[in-house]
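K.L.:
I'd like to ask you about the structure that follows.
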Amino acid sequence: MVIQSKLKEHSSTGSSMPTFGSSASLALKRPQGAAGWLRDVRVLQEPIPRLHNFQEFPVFHMPREEEVAELVLGMADVSTNLVMLTGPQGVGRSMLAASLAQELVVSHHWTDAYWVDLLGVTNVVLAGQQLMTGLGLTSDVPDTQQLLAWLEGRPRERFGIVLTHVQELLSAPAEEQQGFLDLLDNILHSSHKLQVVVVCEEPLSRITYLARAVQVEPLSAEVAGQMVQQAQVNVKEEHVQGVVEACQGTPLALAVVCGLMRCGYCSAAGFLRIYSDRALPIDHSSSDAT
């Protein structure tokens, strides 16, 4: 497996930690062939006990093993306490964050991982309350000081938090943006054993802690085309090209369409007929999956 071999290679050579932020290096490291992408499209059915709140997150497990391996090595650097997975909606940032958290827990680098969804949260007070809920903390009068005290009092084992859908907070008035960044700063400094993964469109503007930004790229046309060809035998090249263009490199869209094709619910040509029907409420310019 790529992740184990990467860790073994790093431990034997003593090489320095990789530097993140180069989208080109990540985009080139795709799983070879389409079979692996399609074979593992599934919903996580057996939640890992220490993945908190992940059991309700549908993990369409299309592994980007090279990317996950590089991220695991980066998180093994104890001085790194924040990783930002950036990029536009639909490129698979949330899927990558879920895969990373799962690997860190399974490999015992993290004892626990907490998934905190900030969708619809537009002020720092609600963000603090959502964090407390995500961490399993209850209080009649939620207060961020209680959150920080809990983080400070945790055992010394390393653990992680994944924050998703932070864009509304980062697009809120300047006071709320500043408040959220201050809250994140306080959380990171409350425990040197805590590591945070943030799913966002762009790197956070103000950083007072050691952070790494990783640009998540859409799937290449080559990989997307392989997925379509694997899903339907003898599919015409023009239909492959049409499905690839319709899905725009979005992992979730490709997984759903190719899954339908593999199960016989539609062909590539049938999907394109539906997609091109202007009477249907389809946005042909963008995708909303994350």
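The values are calculated or read from the model by the stated rules, or taken from the named source; none is laboratory data. Just so it is clear, the model here is predicted, and its values are computed rather than measured. Using ideal geometry, Cβ is built from the backbone for each residue, glycine included, and neighbour counts are taken over all protein chains shown. Accessible surface areas use protein heavy atoms only, side chains included; no ligands, DNA or RNA. Shrake-Rupley method; radii C 1.70, N 1.55, O 1.52, S 1.80 Å.
K.L.:
Quote the FRET efficiency, to the nearest 0.05, computed for Thr80 versus Tyr265 with a Förster distance R0 of 51 Å and r equal to the Cβ-Cβ distance. Mind dumping the intermediate values first?
P.N.:
Working: r = 44 Å, r/R0 = 0.86.
Working from the Cβ atoms, E equals 0.70.
K.L.:
Along the Cα→Cβ direction, 7 angstrom out, place labels at Glu157 and Leu126. What is the inter-label distance in nm?
P.N.:
Going by the 7 Å Cα→Cβ label model, 3.4 nm.
K.L.:
With the other protein chains left in place, how much accessible area per residue, in square angstrom, belongs to the stretch 140-211 at a 1.4 angstrom probe?
P.N.:
Dividing the accessible area of the stretch 140-211 by its residue count gives 49 Å².
K.L.:
Just to be sure I understand the model, the point goes 7 Å from the Cα along the line to the Cβ. What's the resulting Glu168 to Leu137 distance in nm?
P.N.:
Each label point is offset 7 Å from its Cα along the Cβ direction, giving 2.2 nm.
K.L.:
Rounded, prolate or oblate: pick one for the stretch 58-184, where a ≥ b ≥ c are the square roots of the eigenvalues of its C-alpha gyration tensor, a/c under 1.5 means rounded, and failing that, prolate if a/b is larger than b/c, else oblate.
P.N.:
Numbers: a/c = 1.93, a/b = 1.28, b/c = 1.50.
Judged from the Cα gyration tensor, the stretch 58-184 comes out oblate (a/c at least 1.5, b/c at or above a/b).
K.L.:
For Val106, put the label point 7 Å out on the Cα→Cβ axis and report which residues of the stretch 149-168 keep their amide N under 20 Å from it.
P.N.:
Answer for the stretch 149-168: 158-162.
K.L.:
Follow-up question, since we're still on this one. With a 1.4 Å probe and every protein chain left in place, work out the accessible area per residue of the stretch 63-120 in Å², rounded to a whole number.
P.N.:
25
K.L.:
Could you state how much accessible area Lys193 has, in square angstrom rounded to the nearest 10, with a 1.4 Å probe and all protein chains kept in place?
P.N.:
50
K.L.:
What's the carbon and sulfur percent of the stretch 170-241's accessible surface, probe 1.4 angstrom, rounded to a whole number? Intermediate values should be presented prior to the final figure.
P.N.:
Numbers: 1600 of 3560 Å².
Carbon plus sulfur share of accessible area: 45 percent.
K.L.:
Could I ask something else about it? Quick check on packing: order 175-185, 146-156 by the mean number of other C-beta atoms within 10 Å, highest mean leading. Walk me through the numbers on the way to the answer.
P.N.:
Working: 175-185: 17.7, 146-156: 13.9.
Going by the mean number of other Cβ atoms within 10 Å, highest first, we get 175-185, 146-156.
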